[in-house]
Amino acid sequence: MRAFRFGSAEHKTLFCREFVDTFRPYEVRDIQWPELTADDLARLRALPFWDEAVSSERTAGARVQAMADAERDPVLREAIAMQGYEESRHAALLESMLAHYEIASPDEPGERPRDPEWGFLRMGYGECFDSFFAFGLFRLAADSGIFPRPLVERFDGVMQEEARHILFFANWVAYRGLQLPFHGKARFLVRRGLGVSLQALGRIRTALQLRDAEAGDDFTMQVPESIGEVTLRTLAETCLRENERRLGLYDPRLLRPRLVPRLVRQVLRVMPGGKNAAASG
Ligand SMILES: [Fe+2]
Ligand SMILES: [Fe+2]
């Protein structure tokens with residue numbers, strides 16, 4: 001394997017090529033949705049996040065496409081446009097599934113940002129947070145049967161595409177930060193810091209709301225009865241493992257998103273119930 005400098009033309013070629021070469025072609029209209037048992041159907045309909053999922057995939061599609069339209073470098077543009085296509089395909093896949101199983105989907109279209117770079121930065125950091133937790137939650141939901149088994153494989157593909165997106169994003173951010181001339185670089189670094197902080201704040205707010213909803217029970221999260229109680233430790237460890245497994249499939253020379261796994265590892269170190277906590281007390 002040849003070495004290269006981050007921010008170089010080789011780096012750009014490598015992360016764009018890795019993205020394009022791992023594209024999985026399929027058309028939503030060709031999908032045959034499986035027959036579900038009454039129980040599976042009830043569980044699918046009870047999942048609380050379908051509206052949110054469809055809206056955020058539509059928004060992602062619009063934001064990524066806006067960035068692709070603004071990008072002048074053909075190599076970057078091809079990869080970003082492909083991501084935009086995948087996000088829109090996620091939205092279409094969800095819409096098709098919801099229509100098939102007679103679950104309502106929201107009406108609003110995805111909104112195109114006025115500033116493509118800012119839209120892409122915010123969305124990219126948002127995906128780094130959300131995908132990390134989605135990988136673990138998906139694993140737990142699939143293993144426990146909360147997520148209907150006949151649909152697991154189809155949505156596993158969606159999760160893997162999200163892993164490609166955050167891999168691409170981590171490398172794009174580094175590349176762009178190193179590529180820009182001095183004044184552009186400072187502006188980009190500020191926006192980058194702001195983008196990641198805003199996304200982190202949003203996630204902390206959600207976590208606090210979750211915790212308030214579960215008042216008095218700080219370290220466990222109630223999930224539907226069939227998997228009983230999943231401790232935050234199990235969730236965190238599952239997320240870390242799944243994140244490594246999914247991102248481990250790609251060229252090891254590329255950068256990985258580091259912030260969220262690092263934060264979660266630190267939280268695990270101080271959380272009750274681990275090996276260290278047991279030994280000390
Ligand atoms: Fe997506
Ligand atoms: Fe994505």
Of L98, Y85, G136, which is farthest towards the positive pole of segment 35-159's charge dipole, taken about the Cα centre with +1 and -1 on the beta-carbons of Lys, Arg and Asp, Glu respectively?
G136
The chain, accessible surface, carbon-and-sulfur percent (1.4 angstrom probe):
55 percent
Scan the chain and note any complete DSSP helix (H) whose C-alpha atoms cover at least 24 Å along its axis and whose Kyte-Doolittle average is 1.6 or more.
none
Hey, got the dipole for the chain? About the Cα centre, +1 on K and R Cβ, -1 on D and E Cβ, debye to the nearest 20?
1760 debye
Could you tell me how many cubic angstrom of Cα convex hull volume the chain has per residue?
157 Å³
Looking at the chain, identify the longest residue range that excludes and avoids all GluC sites (Glu not before Pro) in DSSP loops having at most 16 other Cβ atoms within 10 Å.
112-213
How big is the dipole moment of segment 68-112 about its Cα centre under a simple scheme where the beta carbon of each Lys and Arg is +1, that of each Asp and Glu is -1, and everything else is neutral? Debye, nearest 20, please.
140 debye
What residue among G7, G124, V64 has its Cα farthest toward the positive end of the dipole of the chain, where the charges are +1 on Lys, Arg and -1 on Asp, Glu, each on the Cβ?
G7
So, relative contact order of the chain in percent, Cα under 8 Å, 6 or more apart, is 23 percent
The chain: longest stretch without exposed chymotrypsin sites (Phe, Trp or Tyr not before Pro) (DSSP loop, at most 12 other Cβ within 10 Å), sites themselves excluded?
50-218
Dipole magnitude of segment 96-216, debye to nearest 20 (Cβ charges: Lys/Arg +1, Asp/Glu -1, about Cα centre):
740 debye
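The values are calculated or read from the model by the stated rules, or taken from the named source; none is laboratory data. The structure presented is a predicted model; accordingly, all values stated were derived computationally and were not measured. Note: ideal-geometry Cβ built from the backbone for every residue, glycine included; neighbour counts use all protein chains shown. Protein only, heavy atoms only, side chains kept; ligands, DNA and RNA dropped before computing areas. Shrake-Rupley method; radii C 1.70, N 1.55, O 1.52, S 1.80 Å.
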